[in-house]
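Asker: If you scroll down you'll find the structure; I have some questions about it.
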Amino acid sequence: MSRASVFVVFAITLFIPAAAWSQMNPAENYRDLGRYEVYVGYSRMTGSLGLNGWEASGAYKPQRAPWFGVVADVSGHYGVEDIATIRVKSHMYNYLAGPEVYFTRLRNQKVVPFGHLLFGASEENTDIAGVSFNGVQDTAFTWALGGGVDYRFGNRIYGRAKLDLVRTHFLSEGDTRGRYGFGVVYRF
């Protein structure tokens, strides 16, 4: 992914929510969001091996600023690719945390957009069968910039669709990947 593409994604993620921010109502409209949330769902990580997996997160929103939250996010992605007689198995785990902002204007709003910036570490393990090379394992600094939307299905149950730009630094090489997912959010 070129630097210009990364800049455009960053600018869109930063400036579109800022426009929504200017239209927000006072904090009492956020009490429907609850103070805690738990998310579980399917996740896909792009890259040379498209990796399928899972994602789970938990968030806390302080009472004085319920539009703001602190989120901890864990995900695991797995993939297998056969190239002639060589089999490549890969798995990647992400451990991220950071701020999350919710953009809602109305009480009982059905759709709640959000954005976040997360920092942490990722672990990647690649096994290569069919050659004398055993594989690679590395743990490195990672950051993710993204967001998504929550759709209210019930009083405390939401469906979530999300998209993140994940930047890893395995083996001293930077790599940018897309991560998208969908799942269920429970707020209390």
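What follows draws every value from the coordinates through simple rules; no lab data is involved. Source: prediction; values computed, not measured. Virtual Cβ from ideal backbone geometry, glycine too; neighbours counted across all protein chains shown.
Asker: Tell me, what ³J(HN,Hα) does each residue in region 157-174 have, in order and in whole Hz, if you take phi through Karplus 6.51 cos²θ - 1.76 cosθ + 1.60 with θ = phi - 60° and put x for Gly and Pro?
Answerer: Each residue of region 157-174 in turn: 9, 10, x, 10, 10, 9, 9, 10, 9, 10, 10, 10, 9, 6, 6, 6, 10, x Hz.
Asker: Ranked by Cβ crowding within 10 angstrom, fewest neighbours first, how are 91, 116 ordered? Show your work: numbers first, answer last.
Answerer: On the way: 91 18, 116 25.
Listed from fewest to most nearby Cβ atoms, that is 91, 116.
Asker: While we're on this one: I need the GluC sites (Glu not before Pro) found in region 92-188, filtered to DSSP loop residues with at most 12 other beta carbons within 10 Å of theirs.
Answerer: 173
Asker: Here is a follow-up. Applying 1/(1 + (r/R0)^6) with R0 = 30 Å to the Cβ-Cβ distance of residue 87 and residue 163, what FRET efficiency is obtained, to the nearest 0.05?
Answerer: The formula returns an efficiency of 0.50 here.
Asker: Hey, another quick one. When all C-alpha to C-alpha distances in region 58-188 are sorted into bins of 5 Å, what percent of pairs does each bin hold, rounded to whole numbers?
Answerer: With a bin width of 5 Å, the distribution comes to 2, 9, 16, 19, 15, 12, 9, 7, 5, 3, 2, 1, 0.
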